[in-house]
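*Asks:* Just passing along the structure, written as structure tokens.
The values are calculated or read from the model by the stated rules, or taken from the named source; none is laboratory data. Please read all numbers here as calculations on a predicted model, not as lab measurements. Every residue, glycine among them, receives a Cβ derived from its backbone with ideal geometry; neighbour counts consider all protein chains shown. Only protein heavy atoms, including side chains, enter the accessible area calculation; ligands, DNA and RNA are left aside. Shrake-Rupley method; radii C 1.70, N 1.55, O 1.52, S 1.80 Å.
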Amino acid sequence: MDYQKNSMSRIADKVGKLPPGLRSRVLSLLFGRLVPFLATSGLRFEQVGHTRLTVSIRNQRKVQNHIKGVHAAAMALLAETASGFVVGMNVPDDKLMLLKSMKVNYTKRSQGDMRAVATLSDAQIRDLYHIDKGETLVEVTVTDESGESPIQCEMVWAWIPKKRPQ
């Protein structure tokens, strides 16, 4: 499939030309400028593509809960960020993307660092390109250091034209 470029994918393309050891740090910094709250969260963008995006968070004090695990809100942010940015890699620049609904079920205690992987199908990406206003359920899997999924998520992202019809 031919993927269309937008402002976010052009950033990722430029960063992709950097040495591998710098890419994650630079992507996290630049994407943190797009969404200022991210700059405070400690999230790291590991893999950025049109169909798959991976974000991680280290289990460090600033994101911990009272039992020294990653806080529930930080886990939700991890899933929301991965799903939102994979949509963001594809939504045309003349459209505005919005989180329509987020459902997070906490199923077990997490262990250590965490990683979220969000994916889009080619059919979902085609919809983003060709439908002016719509929504899609973005698949996102969050795992901890044990490889288990301590949360199950449903993220529905919507898009609308940036300019309202006159």
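*Asks:* Before rounding to the nearest 500, sum -39500 (n - 2.57) across all DSSP H runs of length at least 4 in the chain and divide by the residue total; then give [θ] at 222 nm in deg cm²/dmol.
*Replies:* Helices in the chain give a 222 nm mean residue ellipticity of -9500 deg cm²/dmol.
*Asks:* Would you kindly state the longest site-free stretch of the chain, with sites defined as trypsin sites (Lys or Arg not before Pro) in a DSSP loop (not H, G, I, E, B) surrounded by at most 15 other Cβ atoms within 10 Å?
*Replies:* Maximal segment without exposed cleavage sites: 18-57.
*Asks:* Next question, about the same structure. Averaged per residue, what accessible area in Å² does the chain show with a 1.4 Å probe, protein chains only? Walk me through the numbers before you get to the answer.
*Replies:* Working: 9430 Å² over 166 residues.
Per residue, the chain has 57 Å² of solvent-accessible surface.
*Asks:* Would you mind finding the longest exposed-site-free stretch of the chain, with exposed GluC sites (Glu not before Pro) meaning DSSP loop and at most 14 other Cβ atoms within 10 Å? Display every interim value, and only then the final one.
*Replies:* Working: sites that count: E145, E148.
Value returned for the longest uninterrupted segment is 1-144.
*Asks:* While we're on this one: Sorting I67, I160 by accessible area (1.4 Å probe), largest first, what list results?
*Replies:* If we order I67, I160 from most to least accessible, we get I67, I160.
*Asks:* Could I ask something else about it? Distance between the C-alpha centers of segment 42-111 and segment 25-40? Whole Å please.
*Replies:* 13 Å
*Asks:* Would you kindly calculate the mean projected area, averaged across all directions, of the convex hull enclosing the Cα atoms of segment 7-161, in square nanometres?
*Replies:* Projected area, direction-averaged: 8.8 nm².
*Asks:* If you don't mind, there's one more thing I want to ask. Anything in the chain that counts as a DSSP H helix reaching 18 Å or more along its axis (C-alpha) with Kyte-Doolittle mean of at least -0.5? List them, would you?
*Replies:* TM-like helix candidates: 20-34, 72-88.
*Asks:* Using Cα pairs closer than 8 Å and at least 6 residues apart in sequence, work out the relative contact order for segment 1-122, in percent.
*Replies:* 30 percent
*Asks:* With springs only between Cα atoms under 10 Å, which of Q60, Q47, Q124 fluctuates most in a Gaussian network model of the chain?
*Replies:* Of Q60, Q47, Q124, the most mobile in the Gaussian network model is Q60.
*Asks:* Rounded to the nearest 20 Debye, what is the dipole magnitude of the chain about its Cα centre when Lys and Arg each give +1 and Asp and Glu each give -1 at the C-beta? Mind dumping the intermediate values first?
*Replies:* Working: 24 positive and 16 negative charges, 133 e Å.
Once rounded to the nearest 20, the dipole reads 640 debye.
*Asks:* Let me ask something else. Give me the one-decimal nm value for the distance between modelled label points at L137 and L29, 7 Å along each residue's Cα-to-Cβ direction.
*Replies:* 4.0 nm
*Asks:* List every residue whose amide H lies under 5 Å from the amide H of T51, counting only residues 5 or more places away in sequence or on a different chain, with H placed 1.01 Å from N in the peptide plane.
*Replies:* Result for T51 returns nothing.
*Asks:* OK, next. Computed over the Cα atoms of segment 84-128, what is the convex hull's projected area averaged over all directions, in nm²?
*Replies:* Over every viewing direction, the Cα hull of segment 84-128 projects on average to 4.5 nm².
*Asks:* Taking springs between alpha-carbon atoms closer than 10 angstrom, which of A72, A12, A123 fluctuates most in the Gaussian network model of the chain?
*Replies:* Comparing A72, A12, A123 in a Gaussian network model of the chain, the most mobile one is A123.
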